[in-house]
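Notes for the one structure printed next.
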Amino acid sequence: MMQARHQFSTPSDNWCQVHFADSEIKVLRASKQYIYDDLGNEFLDCVSSSAHVGHCHPHVVAAGHAQMLKLWTTQGFLNDTYSQYMKKLMDILPESLSVVYLVNSGSEATDLALRLGRLYTKRHDVAVFESSYHGNISSLVDISSKSFKRLPQGKKDFVHVIPLPRTRNNIENDQAEFCNEAQKVIQKASQNGTPVGVFISEIVVAAAGVVIPPPNYFKTVYQMVRSQGGICIADEVQTGLGRLGGDFWAFQGYGVVPDILAFGKSQGNGFPMAAVVTTREIADSLPEYMSTYGGNPLACAIGKAVLEVIINEKLMYSAKMVGKFLLEGLRGLMSKHPTIGDVRGMGLCIGMEVVCGRPDMKPATNFANRVLYLLKEQKVIVATQGEERNVIAMTPPLCFTLENARRVIGAFDKAFTKASQNDDVAPVPPNTSILGLASIPSNILGENEEEMPGPAKRQRQYEEMD
């Protein structure tokens, strides 16, 4: 399997970059928040954000299967499935965002959003966050800080980089500082005769290591951009459709409405589909657009089923409550493990920053990687994000439960304890105890892992549900 990947792919091909390259997992099947390898081992999946409502959710599978038996593609023809999905989608969007383009991937959506913004403003210049990532199409590589830093030509002149609004100490002071930094970037572009036409950002900056901007940051920055003739794009490929809990969209939590919204991944629960939504005024600036597969009946049937599951199973509320529990539990480990520099997140989008120690917060990339493998030994799958790959990110399916959260907290505690005992991995500051559970709230750890249902029993439970 790995030989074929390397034979037919290149080292830069993301599809070829597997989790745990030194001890890869060959996945045979998946159900809800669990994946199963070729040996029958069950792993708790904390990374597959694309399986938004759970791997192989029976309602989504049934909807897709029923549509596949009838009709797959109808380019240029009318079909009820499309209009039914559009109605469901418009019900969860702000009234001003009234025109939808259905496409096939997050990159395609973000590229179209950028194109719309440039056509409408008649400007080419773009403002982005440092450490940003918006996709792998050439136009998006040019504006993705994480990508163009690795290219020989580096940043192009039409790209203006805004420092990350990474709150550390006092939120009010940090917010004022971050807004001032953004204003300087925007003003400098205007003074140089190249005013910003488009500001594109994630709302919660998952690509940079789950960075949570201060509460009023986007209200201020959106006003700055719009006051000088620009428009604002929200890239919710990672965070849309309820991942942050409580609301369907991350921008709702910040009290703003973007001029253009791009989202994907979760929209099809693993089926390739994405969307761009904008105002009628902006949409009118695009003379023509066609997509052979965007909005096909199969995609619309699946997308509609995903929205039905989110609403009927109250997954946004669940993401909020389970995410809060998981966030508090992981933060409870900080007093015991000084290599945990920060734990931040909203809903089921959580990042744990791994450092050599506090308060210097030097990134501990190797240590974070060691923790990843130790968690894998406990059958818990996580990933790393951020410029230094030292932020352990968790974006599990929204069907993640309190039982799962307890298991993850306990697994992290064991992994950090074991990793810290290896002097070659990362230093542990002196006079810091890494023993005992006294500092962790008892209601956080709850059940012992041994008391939880075994993989075979849990697999049977999900098969019965299916």
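Before moving on, here are some points about what is shown:
- A DSSP coil position with no more than 16 other Cβ atoms inside 10 Å describes the following GluC sites (Glu not before Pro) in the stretch 114-185: 130.
- Here is the size of the stretch 272-384 from its Cα atoms: Rg then Dmax, 20.9, 59 Å.
- Of 288, 42, 24, the order by accessible heavy-atom surface (1.4 Å probe, DNA, RNA and ligands excluded), from most exposed downward, is 288, 24, 42.
- Residue-normalised accessible area of the chain, given per residue in Å² at a 1.4 Å probe: 45
- Surface share of carbon and sulfur [accessible, 1.4 angstrom probe, percent] for the chain: 51
- P(r) tail fraction, the chain - alpha-carbon pairs more than 28 Å apart, %: 53
- Å³ per residue enclosed by the Cα convex hull of the stretch 58-312: 131
- Figure note: 160, 52, 65 ranked by solvent-accessible area, largest first, 1.4 Å probe, ligands and nucleic acids not counted: 65, 160, 52.
- Subtracting the Cα-Cα distance of residue 156 and residue 184 from 0.36 nm times their residue separation leaves 8.2 nm of extension gain.
- For the pair the stretch 66-109 / the stretch 360-399, the C-alpha centres are spaced 35 Å from each other.
- Low-density loop cleavage sites - trypsin sites (Lys or Arg not before Pro) in the stretch 105-159, where at most 11 other Cβ are within 10 Å (DSSP): 122, 150
The values are calculated or read from the model by the stated rules, or taken from the named source; none is laboratory data. If you're wondering where the values come from, they're calculated on a predicted model, not measured in any experiment. Using ideal geometry, Cβ is built from the backbone for each residue, glycine included, and neighbour counts are taken over all protein chains shown. Areas reflect the complete protein model, heavy atoms only, side chains present, ligands, DNA and RNA absent. Shrake-Rupley method; radii C 1.70, N 1.55, O 1.52, S 1.80 Å.
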